[in-house]
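A.B. asks: My questions will all concern the structure given below.
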């Protein structure tokens, strides 16, 4: 076996055999490099000594040391690690570019849907009316009176609002996974795990969240349930008591249960 150093290795492909390097030492070199940054000849020799179903390139640590010195294993492993790290950076840069493109497309689609929704707003408003009878103010004789009230209910479909919220959460999750900033803040480690859990919880609760300003009891949902706002109008003709009082109470606001 030659003892003198061989020709320099190919820095673009450090695992390719170099001059005088036969199959066995090259196989051992590949196993050595694939062990990662924590590699050592001791660990490789121990691994080879435990193989029973296949024949390793060698079981002797002294041979591994000779191959390492002769065929520049340390330099080639260092170069191998550098190429692997560079490839990983390129891969994630490509993923970040894809993420930006996907986020832009999603945002553009959501903006288009919102514009369409605004243009067609009357179609998404549901108005219903119902009459109820309730106790009115005392009449001239002091006796209780009753009045009929028309309750007008205006409902706004919230499915598009939830769609926008879902798109925002999905974008945040992807950015967190790609180590991209969210709200101009970069996080990692345990804080990243906590943020992902929080975003998932927000996504799960999105379909149950009430529209801001809507009364309690009516919430938006995946089935496009309307968030309702109610107002009342008193019909003078249905009011019992003094006709003059009825005319003055033409539009008395009130609350319904």
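The values are calculated or read from the model by the stated rules, or taken from the named source; none is laboratory data. Computed from a predicted model, the values in this text were never measured in an experiment. Positions of Cβ are backbone-derived with ideal geometry, glycine not excepted, and every protein chain shown enters the neighbour counts.
A.B. asks: Which condition number in (1) touching a helix residue (DSSP H, G or I) at 6+ places or on another chain (Cβ under 8 Å); (2) exposed (fewer than 15 other Cβ atoms within 10 Å of the Cβ) is the one that residue 106 fails?
C.D. replies: (2)
A.B. asks: Ok, one more. Answer yes if at least one residue in segment 185-193 is part of a helix (DSSP H, G or I), under 14 Å from the mean Cα position of the chain (by Cα), exposed (fewer than 15 other Cβ atoms within 10 Å of the Cβ) and at pLDDT 70 or above, and no otherwise. Give the derivation first.
C.D. replies: Step one: list which residues in segment 185-193 are part of a helix (DSSP H, G or I), which gives 190-193.
Add one more test, that the residue is under 14 Å from the mean Cα position of the chain (by Cα), and what stays is 192-193.
Going one step further and asking which of them are exposed (fewer than 15 other Cβ atoms within 10 Å of the Cβ), we end up with 192-193.
In the following step, the residues that additionally are at pLDDT 70 or above were identified as 192-193.
Yes, segment 185-193 contains at least one residue that is part of a helix (DSSP H, G or I), under 14 Å from the mean Cα position of the chain (by Cα), exposed (fewer than 15 other Cβ atoms within 10 Å of the Cβ) and at pLDDT 70 or above.
A.B. asks: Okay, next question. Mind checking whether some residue in segment 66-84 is surrounded by 12 or more Cβ atoms within 10 Å (Cβ to Cβ) and on the phi > 0 side of the Ramachandran plot?
C.D. replies: Scanning segment 66-84, I find at least one residue that is surrounded by 12 or more Cβ atoms within 10 Å (Cβ to Cβ) and on the phi > 0 side of the Ramachandran plot, so the answer is yes.
A.B. asks: Something else about it: Residues to consider are 164, 206, 201, 222; find the one that is over 27 Å from residue 91 (Cα atoms), modelled with pLDDT under 75 and assigned to a loop (DSSP other than H, G, I, E, B).
C.D. replies: Sole residue among the options that is over 27 Å from residue 91 (Cα atoms), modelled with pLDDT under 75 and assigned to a loop (DSSP other than H, G, I, E, B): 222.
A.B. asks: Which condition breaks for residue 94 when tested against (1) touching a helix residue (DSSP H, G or I) at 6+ places or on another chain (Cβ under 6 Å); (2) over 30 Å from residue 17 (Cα atoms)?
C.D. replies: Exception for residue 94: condition (1).
A.B. asks: Residues in segment 73-87: is at least one in a loop (DSSP other than H, G, I, E, B) and farther than 30 Å from residue 179 by Cβ? It would help to see each step written out before you state the result.
C.D. replies: Here is the first cut: in segment 73-87, the ones in a loop (DSSP other than H, G, I, E, B) are none.
Taking every residue of segment 73-87 in turn, none turns out to be in a loop (DSSP other than H, G, I, E, B) and farther than 30 Å from residue 179 by Cβ.
A.B. asks: Among the listed residues 31, 12, 42, which satisfies the condition of being exposed (fewer than 12 other Cβ atoms within 10 Å of the Cβ) and either within 43 Å of the chain's Cα centre (by Cα) or at pLDDT below 95 (or both)?
C.D. replies: Values: 31 fails: exposed (fewer than 12 other Cβ atoms within 10 Å of the Cβ); 42 fails: either within 43 Å of the chain's Cα centre (by Cα) or at pLDDT below 95 (or both).
Result of the check over 31, 12, 42: 12.
A.B. asks: Can I ask one more? Which pairs turn up if I take residues in segment 84-103 that are touching a residue at least 12 places away in the same chain (Cβ under 8 Å) and look for partners that are not in a helix (DSSP H, G or I) with beta carbon separation below 8 Å, at least 6 apart in sequence or on another chain?
C.D. replies: 92/178; 92/179; 95/178; 96/178; 96/180; 99/178; 99/180
A.B. asks: Enumerate the pairs (first residue in segment 41-64 and outside any helix (DSSP H, G or I); second residue anywhere and surrounded by 17 or more Cβ atoms within 10 Å (Cβ to Cβ)) with beta-carbon separation below 6 Å, excluding pairs fewer than 6 apart on the same chain, so at least 6 apart or on different chains.
C.D. replies: 56/48; 57/28; 59/48
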